[in-house]
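Chemist: Have a look at the structure that comes next, please.
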Ligand SMILES: C[S@@+](CC[C@H](N)C(=O)[O-])C[C@H]1O[C@@H](n2cnc3c(N)ncnc32)[C@H](O)[C@@H]1O
């Protein structure tokens with residue numbers, strides 16, 4: 001049996017996949033992810049799972065997503081320009097976190113963190129405030145996602161954009 005002790009590191013729960021169960025049902029914008037029970041602030045709710053793409057292949061995928069208006073691309077912006085981090089596409093392979101809808105202006109209740117888990121960079125989602133049972137979970141996708149001129153990716157950054 002896998003065992004762990006809870007510690008100060010937020011990737012401990014990610015490492016043990018100790019996430020909160022979500023319910024997927026119709027939300028404010030198509031399908032959305034909802035809390036099944038009360039969730040405390042700072043709780044791990046899941047890891048973004050998807051096909052790993054390079055920038056070139058993600059640009060190709062973005063053309064398809066523009067056509068059907070459903071975009072599941074998630075890009076991690078590296079702190080250092082020399083580092084190339086993957087883009088995750090949850091359109092065909094994914095888990096419940098692919099249904100997180102967007103809300104900005106501090107109306108979001110979930111944030112993304114990139115953490116090193118077992119030597120790999122992973123995107124984990126954590127509640128940023130207390131969430132009540134049956135509430136919809138929202139993530140701020142970042143400004144780049146809604147920019148029609150650019151390839152649209154969900155972006156792990158701290159910029160806010162009202163939609
Ligand atoms: C990662 S998916 C979220 C799950 C999606 N609602 C579904 O039904 O599969 C992102 C897509 O959800 C929709 N969406 C999410 N948040 C939105 C918002 N605030 N306004 C408009 N559309 C939104 C858009 O179609 C976007 O491409």
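The values are calculated or read from the model by the stated rules, or taken from the named source; none is laboratory data. Since the structure is predicted, the reported quantities are computational estimates derived from the model, not experimental observations. Cβ atoms come from the backbone with ideal geometry, glycine included; neighbour counts cover every protein chain shown.
Chemist: Restricting attention to the stretch 1-32, report how many residues are farther than 15 Å from residue 110 by Cβ, outside any loop (DSSP other than H, G, I, E, B) and modelled with pLDDT under 80.
Modeler: Result for the stretch 1-32: 3.
Chemist: Determine which single condition residue 94 fails, assuming it passes every other condition in (1) over 18 Å from residue 140 (Cα atoms); (2) within 16 Å of the ligand (Cβ to nearest atom); (3) part of a helix (DSSP H, G or I).
Modeler: Residue 94 satisfies all of (1) over 18 Å from residue 140 (Cα atoms); (2) within 16 Å of the ligand (Cβ to nearest atom); (3) part of a helix (DSSP H, G or I) except (3).
Chemist: Out of (1) away from the ligand (no atom under 16 Å from the Cβ); (2) outside any strand (DSSP E or B); (3) modelled with pLDDT under 80, what's the single condition that is false for residue 116?
Modeler: (2)
Chemist: Here's a follow-up. Quick one: would you say residue 133 is modelled with pLDDT under 95 and either closer than 16 Å to residue 50 by Cα or more than 16 Å from the ligand (Cβ to nearest atom) (or both)?
Modeler: No, not satisfied.
Chemist: Starting from the stretch 1-25, keep only residues that are surrounded by fewer than 15 Cβ atoms within 10 Å (Cβ to Cβ), then list their pairs with residues that are at pLDDT below 55 and in a loop (DSSP other than H, G, I, E, B) whose Cβ atoms are within a distance under 7 Å, requiring at least 6 positions of separation or different chains.
Modeler: Qualifying pairs under 7 Å: 16/2; 16/4.
Chemist: May I ask you to list pairs of residues, at least six apart or on different chains, whose Cβ atoms are under 7 Å apart, with the first in the stretch 97-121 being free of Cβ contacts under 8 Å to residues at least 60 places away in the same chain and closer than 22 Å to residue 131 by Cβ and the second being part of a strand (DSSP E or B) and more than 9 Å from the ligand (Cβ to nearest atom)?
Modeler: As it stands, the answer is 109/127; 109/131; 111/126; 114/76; 114/121; 114/123; 114/156, since those pairs meet every condition given.
Chemist: So, in the stretch 119-140, how many residues would count as being out of contact with any helix residue (DSSP H, G or I) (no Cβ under 6 Å at 6 or more places or on another chain), part of a strand (DSSP E or B) and within 18 Å of residue 39 (Cα to Cα)?
Modeler: So the count comes out to 6.
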